[in-house]
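Take a look at the structure set out below.
The values are calculated or read from the model by the stated rules, or taken from the named source; none is laboratory data. The structure presented is a predicted model; accordingly, all values stated were derived computationally and were not measured. Here the Cβ is made from the backbone with ideal geometry for all residues, glycine too, and neighbour counts use every protein chain on show. Calculation scope for accessible area: heavy atoms of the full protein, side chains included, ligands and nucleic acids excluded. Shrake-Rupley method; radii C 1.70, N 1.55, O 1.52, S 1.80 Å.
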2 protein chains.
Amino acid sequence: MDGTEKLNKTRERIIETIAQNIHLYGLSPSVGRQYGTMFFHNEPLTLDDMTEELGMSKTSMSTSVRALTDLKLVERAWKKGVRKDLYQATDDWYQSFIDLFSIKWRRSISLHSVSIRKSLAELESLVNDPTVIEEVKQDAQLDIAKLVYIRDYFEWLDRLVDVFESHDIFNFVPMKDSSKD
Amino acid sequence: MDGTEKLNKTRERIIETIAQNIHLYGLSPSVGRQYGTMFFHNEPLTLDDMTEELGMSKTSMSTSVRALTDLKLVERAWKKGVRKDLYQATDDWYQSFIDLFSIKWRRSISLHSVSIRKSLAELESLVNDPTVIEEVKQDAQLDIAKLVYIRDYFEWLDRLVDVFESHDIFNFVPMKDSSKD
DNA sequence: TAGTTTGTACAGTTTTTTCCGTTCAAACGA
DNA sequence: TCGTTTGAACGGAAAAAACTGTACAAACTA
């Protein structure tokens with residue numbers, strides 16, 4: 001058996017595994033396959049390169065490369081004399097994991113916080129409204145307790161993301177080797 | 001304006017926010033809406049209750065309740081004299097966040113680890129094979145370095161999940177109030 | 001045992017997402 | 001200036017996912 005063939009097989013296995021797990025990043029398998037291909041490619045790639053490599057349209061490459069750069073899984077590269085845009089996979093997986101939180105979870109925290117604040121204010125005014133009957137006020141009190149609880153939860157989550165973003169998490173759960181950070 | 005109406009509005013806002021962010025748990029908005037409804041419902045619900053509450057088919061309720069229980073966002077409840085299955089939202093959001101990691105990320109870590117181990121073994125045998133040409137061996141060496149790196153990353157991720165599962169994370173990022181855990 | 005009730009499997013339909021081909025605007029080169 | 005190249009917007013086709021109604025098996029009731 002040819003060595004090159006064997007080499008490709010080992011790569012394909014990893015790429016396929018990435019493709020089947022990238023839903024954790026909110027991306028579809030083919031986008032994962034694209035990322036995996038870029039990860040093993042030691043040179044930056046153009047959209048046309050990817051089109052050829054993956055047998056998909058340039059339009060697809062364009063949109064999925066955008067999705068990947070939004071999550072900072074891929075970044076633009078520069079090479080003198082090349083007019084086309086070049087892209088390469090970011091090589092820091094720890095940072096990619098952190099970026100996922102920064103981008104996706106932080107947004108969710110923010111959206112929830114806004115809703116909770118609004119609803120809490122309305123519920124407070126409701127329990128202070130003398131025209132509202134007692135039974136409704138009791139329900140409102142229950143809801144207030146729930147919203148205070150999840151507000152605290154999101155506040156915790158926010159601090160958790162801080163700990164990732166600041167890299168303090170590595171003091172608590174250290175990396176195996178210290179070549180990074 | 002009626003107080004009940006106002007109360008419902010505050011709930012709807014939160015439910016809708018949950019629905020629009022539950023994709024972080026790999027669930028669709030309507031499943032999120034179902035969870036939100038259960039969260040505010042102070043009594044356990046049957047599938048028929050949910051059908052009525054959400055105006056969706058019983059089949060949908062059945063499948064999505066399963067998805068929610070798989071992620072431990074919903075659990076079965078018991079009530080004497082009631083033959084139908086009862087479900088209620090779990091009330092510990094911190095634990096739900098942790099369970100997400102235990103269930104989804106741990107699985108991904110495991111799948112990646114298997115693939116990496118296999119591919120690494122094959123690459124090692126390739127570089128030790130005297131019939132393989134030098135150039136391929138050099139490529140293999142590059143791949144080995146990459147795989148060792150991501151193996152270390154997943155090993156770190158595994159320890160990170162440990163820290164969540166064991167609740168040690170709360171020593172590092174404490175909850176606001178100490179009524180939990 | 002026969003008749004209900006309850007949850008889920010299955011097949012079909014609707015909705016959403018993914019992907020492609022074409023088109024177009026911006027950047028570059030002659 | 002006018003062509004050429006490149007990346008992305010847009011509409012439509014294909015694929016996937018969500019949802020429904022029917023059918024059925026298991027558990028309960030009489």
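Distance to the A-onto-B rotation axis is smallest for one chain A Cβ; residue and value in angstrom are A:Phe172, 2. Summary of packing: across the peptides B:80-93, B:29-42, the per-residue average of other C-beta atoms within 10 Å ranks them, highest first, as B:29-42, B:80-93. Chain B against chain A buries an accessible area of about 6400 Å², both chains summed, 1.4 Å probe radius.
So what is the diffusion coefficient of the protein assembly as shown in µm² per second by Stokes-Einstein at 20 °C and 1.002 mPa s, using a Kirkwood Rh over Cα pairs?
Numbers: Rh = 23.4 Å.
My calculation gives 92 µm²/s for D.
Considering helices alone, the calculated mean residue ellipticity of chain A at 222 nm is -21500 deg cm²/dmol, with DSSP H runs of length four and up weighted by -39500 (n - 2.57) and normalised per residue.
Using C-alpha pairs under 8 Å with a sequence gap of at least 6, the mean separation divided by the residue count of chain B gives a relative contact order of 14 percent.
Shielding value for B:8-16 is 5, the average number of Cβ atoms from other chains within 10 Å of each residue's Cβ.
Rolling a 1.4 angstrom probe over chain B with all protein chains present gives an accessible area of which 49% lies on carbon and sulfur atoms. Other protein chain C-beta atoms within 10 Å of residue C-beta, averaged over A:165-176: 4. Taking Cα centre as origin and charging only the Cβ of basic (Lys, Arg, +1) and acidic (Asp, Glu, -1) residues, the dipole magnitude of the protein assembly as shown rounds to 500 debye. Based on Cα contacts under 8 Å between residues 6+ apart, the range A:3-91 shows a relative contact order of 24 percent.
With the charge dipole of the range A:25-161 set up from +1 on Lys and Arg Cβ and -1 on Asp and Glu Cβ about the Cα centre, the Cα lying farthest toward the positive end among the listed residues A:Val136, A:Ser110, A:Leu27 is that of A:Leu27. Only aspartates and glutamates eight or more places from B:Lys176 in sequence, or on another chain, were considered; those with a Cα closer than 16 Å are A:Asp152, A:Glu155, A:Asp158, A:Asp162, B:Asp92, B:Asp168. Judged by the mean number of other Cβ atoms found within 10 Å, the most tightly packed of the peptides B:127-135, B:166-174 leads the ranking B:166-174, B:127-135.
Take each residue of peptide B:151-163, count the partner chain Cβ atoms within 10 Å of its Cβ, and average: the result is 4.
Measuring with a 1.4 Å probe in the full set of protein chains, what accessible area per residue, in whole Å², belongs to the protein assembly as shown?
Numbers: 18750 Å² over 362 residues.
Result: 52 Å² per residue.
Quick one: grab the alpha carbon gyration tensor of chain B, order the square roots of its eigenvalues as a ≥ b ≥ c, and give me rounded if a/c is under 1.5, else prolate or oblate depending on whether a/b is larger than b/c. List each step's numbers first, then the result.
On the way: a/c = 3.05, a/b = 2.40, b/c = 1.27.
Taking the square roots of the gyration eigenvalues as a ≥ b ≥ c, chain B is prolate.
Strictly over 23 Å apart at the Cα level, which of A:Lys9/A:Lys104; B:Lys9/B:Lys84; A:Lys58/A:Lys79; B:Lys72/B:Lys104; B:Lys84/B:Lys104 would you flag in this model? Checking Cα-Cα distances, A:Lys9/A:Lys104; B:Lys9/B:Lys84; B:Lys84/B:Lys104 exceed 23 Å. Taking amide H as placed 1.01 Å from N in the peptide plane, B:His167 has no amide H partner under 5 Å among residues 5 or more places away or on another chain.
Given H placed 1.01 Å from N in the peptide plane, which residues other than close sequence neighbours of B:Met56 have an amide H under 5 Å from its amide H? Amide H neighbours of B:Met56: none.
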